[in-house]
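Notes follow the structure.
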Amino acid sequence: MSLARQSGIFFGWRVCGAAFVLAVLGWGTGFYGPPIYLQAIQENKGWPVALISTAVTMHFVVGAIVVANLPTIHARFGIPNTTKVGAVLLAVGVFGWACAAAPWQLFVVTLLSGAGWAAMGGAAVNAIISPWFVRTRPAALSMAYNGASIGGVVFSPLWAGGIALLGFPIAAAAIGIVMALTMRVLGDRLLSQTPQQMGLQPDNDVQRPPPVAAPAPVARPRLGSTLWRDPKFLTLSAGMALGLFAQIGLITHLFSLLARALGPQPAALAMGVATASAIAGRTIVGWVMHPQSDRRIVACASYAGQVAGSIAFITAAGTNTQLLLLGVVFFGAGIGNATSLPPLIAQAEFLENRVAQVVALTVAVSQAAYAFAPVTFGLVREFAPYAADPASAKAPGFFAAAAFVQGLAICALLLGRGPRQRAANLAAQAPAPLQPRPSASER
């Protein structure tokens with residue numbers, strides 16, 4: 001405790017930094033990597049794209065199953081051990097992708113890579129951050145989740161260049177070893193600590209005032225199958241799943257469409273602008289959003305910005321560069337918020353000791369949904385107008401589909417709105433962990 005305080009830096013921010021690195025490695029290898037693995041395997045093995053795409057889908061579906069059980073795994077084995085093992089599984093799984101000699105072997109190793117990705121994904125970041133931050137959790141989560149965007153910026157060219165220079169197996173081995181060793185060090189030195197062990201309080205509050213009574217959340221803590229009948233949980237899960245489905249479906253195909261209109265190099269720069277917009281959008285929301293803010297409304301506004309981006313893409317008609325870039329900025333600004341806002345909504349609407357379970361299940365549902373987004377949007381693009389012309393960047397039906405699904409996400413979040421939480425839940429003057437007054441049925 002004394003060492004932590006003498007350093008002048010709240011240890012929680014160091015943990016946040018570790019979560020940031022975890023997000024860089026996890027997303028860079030388990031999320032942004034599979035599309036590149038697909039291309040490398042197709043070129044080297046000549047296997048059908050549909051077969052390899054099915055393996056990519058299986059990778060994400062396995063991850064969704066593991067994520068749904070991540071709170072139980074964390075409770076039994078601890079966050080540090082789970083994270084370290086997850087990094088090893090992801091590294092071994094990706095190496096298996098590179099070395100698979102037959103399709104059945106590819107599907108076997110997706111069990112490892114999917115499980116490892118789950119241990120280093122969004123639910124894991126939330127579980128790492130939550131014990132250390134309550135009032136300032138929006139800012140902490142936004143910083144940690146920015147690692148996901150950085151992972152895309154760093155690892156997409158790193159994987160492509162490494163595979164081209166060294167070959168897929170050697171590149172996978174090198175990156176996997178670095179990832180596993182990095183997470184072992186961070187797991188032992190930072191993730192193994194808790195505020196209680198160090199004599200610290202969440203948010204670095206020196207002295208805790210008595211908990212302030214607050215109205216019970218509309219969504220009670222639910223267990224087992226009853227959670228699936230909770231409107232708050234269902235609408236939150238649906239909103240996140242629909243939003244990410246539209247987002248990932250569009251992003252998967254956006255580069256090739258922009259390349260037709262702008263050329264490959266300008267299109268790559270435009271994708272970098274989208275990533276920068278994602279980081280800026282998430283950071284601004286994390287630091288500016290007031291504890292009393294209706295977080296569902298904030299999420300709806302973020303999705304509405306992405307709808308505006310899709311409309312800009314449609315209006316550009318594949319020729320107007322200014323509108324295309326405007327669409328990139330508007331759509332990109334909401335990319336980060338799609339993953340960081342749902343855990344914050346869960347924090348405001350569920351008892352603190354159930355937030356991890358709610359976040360894990362919400363992430364699992366969304367991951368199971370967006371696993372099918374690339375192929376679904378590929379079909380939409382295939383049969384949309386102008387698809388017959390391979391040189392055309394017009395895809396109004398494709399972008400309209402993305403806007404429509406984002407609109408459904410907004411509707412889902414709005415349907416789940418109930419009485420707003422009072423500032424006493426999260427306000428600065430009440431830094432104690434959320435402990436709402438139990439209802440009559442809970443007493």
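Of these, A301, A268, A238, A280, which one is touching a residue at least 40 places away in the same chain (Cβ under 8 Å), assigned to a helix (DSSP H, G or I), closer than 17 Å to V329 by Cα and not β-branched (V, I, T)?
Sole residue among the options that is touching a residue at least 40 places away in the same chain (Cβ under 8 Å), assigned to a helix (DSSP H, G or I), closer than 17 Å to V329 by Cα and not β-branched (V, I, T): A280.
Please go through segment 39-58 and give me each residue that is assigned to a helix (DSSP H, G or I) and over 12 Å from I163 (Cα atoms), ordered by number.
Q42, K45, V49, A50, L51, I52, S53, T54, A55, V56, T57, M58
Go through the residues of segment 123-133 one by one and say whether even a single one is over 19 Å from the mean Cα position of the chain (by Cα) and either among the hydroxyl-bearing types (S, T, Y) or farther than 30 Å from S293 by Cβ (or both).
no
Could you please tell me which pairs satisfy a Cβ distance under 9 Å, a separation of 6+ or placement on different chains, a first residue in segment 158-169 that is in the same structural domain as Y37 (by TED's automatic domain parsing), and a second residue that is of a type in the set (S, T, Y) and modelled with pLDDT of 90 or more?
Every condition considered, the pairs that remain are W159/T29.
Please give the helices (runs of 4 or more DSSP H) falling wholly within segment 69-179 in which 3 or more residues are under 27 Å from R296 (Cα atoms).
122-129, 137-166
Being β-branched (V, I, T) and at pLDDT 90 or above: is that true of T54 here?
no
Could you pull out the residue among G332, G397, G309, G327 that is part of a helix (DSSP H, G or I) and surrounded by fewer than 20 Cβ atoms within 10 Å (Cβ to Cβ)?
Within the list G332, G397, G309, G327, the selection yields G397.
Take A101 and decide whether it is touching a residue at least 40 places away in the same chain (Cβ under 8 Å) and aliphatic (A, V, I, L, M).
No: the conditions fail for A101.
Could you give every pair whose Cβ atoms fall below 8 Å, whose first residue belongs to segment 27-45 and is free of Cβ contacts under 8 Å to residues at least 24 places away in the same chain, and whose second residue is hydroxyl-bearing (S, T, Y), counting only separations of at least 6 or pairs across chains?
L38/S53
Within segment 123-151, count every residue that is surrounded by 22 or more Cβ atoms within 10 Å (Cβ to Cβ) and farther than 25 Å from L200 by Cβ.
Residues that pass the stated criteria total 3.
If you check A299, A312, A259, which single one turns out to be in contact with a helix residue (DSSP H, G or I) (Cβ under 6 Å, 6 or more places away or on another chain), at pLDDT 90 or above and farther than 21 Å from W27 by Cβ?
It is A312.
Considering each of V49, V24, V61 in turn, give the residue that is surrounded by fewer than 20 Cβ atoms within 10 Å (Cβ to Cβ) and more than 23 Å from Q357 (Cβ to Cβ).
One residue alone meets the criteria, V49.
The values are calculated or read from the model by the stated rules, or taken from the named source; none is laboratory data. The structure displayed is predicted, hence computed values, not measured ones. Virtual Cβ from ideal backbone geometry, glycine too; neighbours counted across all protein chains shown.
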